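What follows is one structure encoded as C-alpha cells, with my remarks underneath.
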Amino acid sequence: NATCSPDGRPWVAFEALTAWVQNQTQEGMGMRTPRGVVGFCVTVFAFILTCNWLAALPSEHWIPPPTADVNLVYPLALLVIVWVNVAGIRAKGAKAYFGHFTQPYAFLAPIEFITQYLSRPASLALRLFGNIFAGGIMVSVIALLPAYILWAPNAVWKLFDMFIGVIQALIFTLLTLIYFSEAVGSEDEAAHH
C-alpha cells in the first residue's frame with residue numbers, strides 16, 4: 001500500500017515536513033529536541049487541526065469539534081506532559097531531571113511541581129478547549145439568524161473559525177516543543193535521544 005509504506009508520497013511529505021520543522025526549531029528558535037518529538041508534534045498539529053476543522057464541514061447538523069470537549073483536550077495535554085517527563089528523564093537521568101525542582105532554592109520545589117504537573121497541562125488543555133468551544137457557541141448563535149441572511153455571517157464565521165483552528169493547533173504544538181526543549185535542556189546529548 002503506497003499510502004502507508006515509507007516509499008509512498010504521504011510518508012515522504014510527512015518526513016519532509018518533520019525535517020523542516022526540526023530545522024526551524026533548531027535554527028530559528030535555538031531549541032534542541034529529542035528524535036521523534038518533532039514527528040510527534042507534527043502529528044499532534046495535524047490531529048488538532050483536523051479536529052478543529054470538523055465544525056466547518058457542510059452537514060445537515062452542526063458537528064462540534066472534538067477539541068471543544070474536555071474529554072479529548074485533558075488526555076491530550078496529559079499525554080504531552082507525561083512524554084515530556086519521560087524525555088527529560090531519558091536525556092538527563094531521573095536524579096538530575098527531578099533535581100531541577102529544587103533549583104535555585106529547595107523551598108520553591110512545591111511551586112515548580114504545581115507548575116509542571118498542574119498548571120501546564122491545565123493551561124495547555126483549557127486554552128485549546130476554550131477557544132474552540134467559544135467558536136462553537138458563535139456558530140450556534142449565528143444559526144439563530146433568519147435563513148435569508150444566515151449564509152453571509154455563517155460563511156465569514158466559518159472562515160474565521162478555520163483560521164482560529166490553525167492558530168490554536170499551532171500554539172498547542174509550539175508549547176509542546178518548548179516543554180520538550182526545557183525538559184531535555186540544551187545539551188548536545190538531547191539531539192541523540
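The values are calculated or read from the model by the stated rules, or taken from the named source; none is laboratory data. Computed from a predicted structure; not experimentally measured. Quick reminder, even Gly has a Cβ in these numbers, built from the backbone with ideal geometry, and neighbours come from all protein chains shown. For the accessible areas, the whole protein counts, side chains as well, though only heavy atoms, and no ligand, DNA or RNA atoms are used. Shrake-Rupley method; radii C 1.70, N 1.55, O 1.52, S 1.80 Å.
If we scan the range 138-155, do we find a residue that is of a type outside the set (Lys, Arg), under 15 Å from residue 49 (Cα atoms) and open to solvent by 50 Å² or more (accessible area, probe 1.4 Å)? So far as the range 138-155 goes, no, none of its residues is of a type outside the set (Lys, Arg), under 15 Å from residue 49 (Cα atoms) and open to solvent by 50 Å² or more (accessible area, probe 1.4 Å). Out of the range 54-74, which residues are open to solvent by 30 Å² or more (accessible area, probe 1.4 Å) and either at pLDDT 90 or above or among the β-branched types (Val, Ile, Thr) (or both)? Within the range 54-74, 63, 66, 69, 70, 71, 72, 74 qualify. Pairs under 9 Å by beta carbon, first residue small (Gly, Ala, Ser) in the range 122-145, partner not in a helix (DSSP H, G or I), six or more apart or different chains? Pairs found: 135/65; 136/62; 136/64; 136/65; 140/62; 143/62.
Has the range 83-91 got at least one residue that is open to solvent by less than 30 Å² (accessible area, probe 1.4 Å), closer than 18 Å to residue 172 by Cβ, touching a residue at least 60 places away in the same chain (Cβ under 8 Å) and in contact with a Ser or Thr (Cβ under 7 Å, 6 or more places away or on another chain)? Checking the range 83-91: not a single residue is open to solvent by less than 30 Å² (accessible area, probe 1.4 Å), closer than 18 Å to residue 172 by Cβ, touching a residue at least 60 places away in the same chain (Cβ under 8 Å) and in contact with a Ser or Thr (Cβ under 7 Å, 6 or more places away or on another chain). Within the range 32-54, residues that are under 15 Å from residue 162 (Cβ atoms) sit with their Cβ atoms under 8 Å from residues that are open to solvent by 30 Å² or more (accessible area, probe 1.4 Å) and not β-branched (Val, Ile, Thr), at 6+ positions apart or across chains, in these pairs: 45/170; 51/66; 51/72; 52/162; 53/162; 54/64; 54/66.
Considering the range 24-39, and only residues there that are modelled with pLDDT of 70 or more and among the hydrophobic types (A, V, I, L, M, F, W, C), the residue that is nearest to residue 88 (Cα to Cα) turns out to be 37. Within the range 1-28, residues that are farther than 15 Å from residue 46 by Cβ and of a type in the set (S, T, N, Q) have Cβ atoms under 7 Å from residues that are at pLDDT 75 or above and assigned to a helix (DSSP H, G or I) in these pairs: 5/11; 22/38; 25/38; 25/177, counting only partners at least 6 apart in sequence or on another chain.
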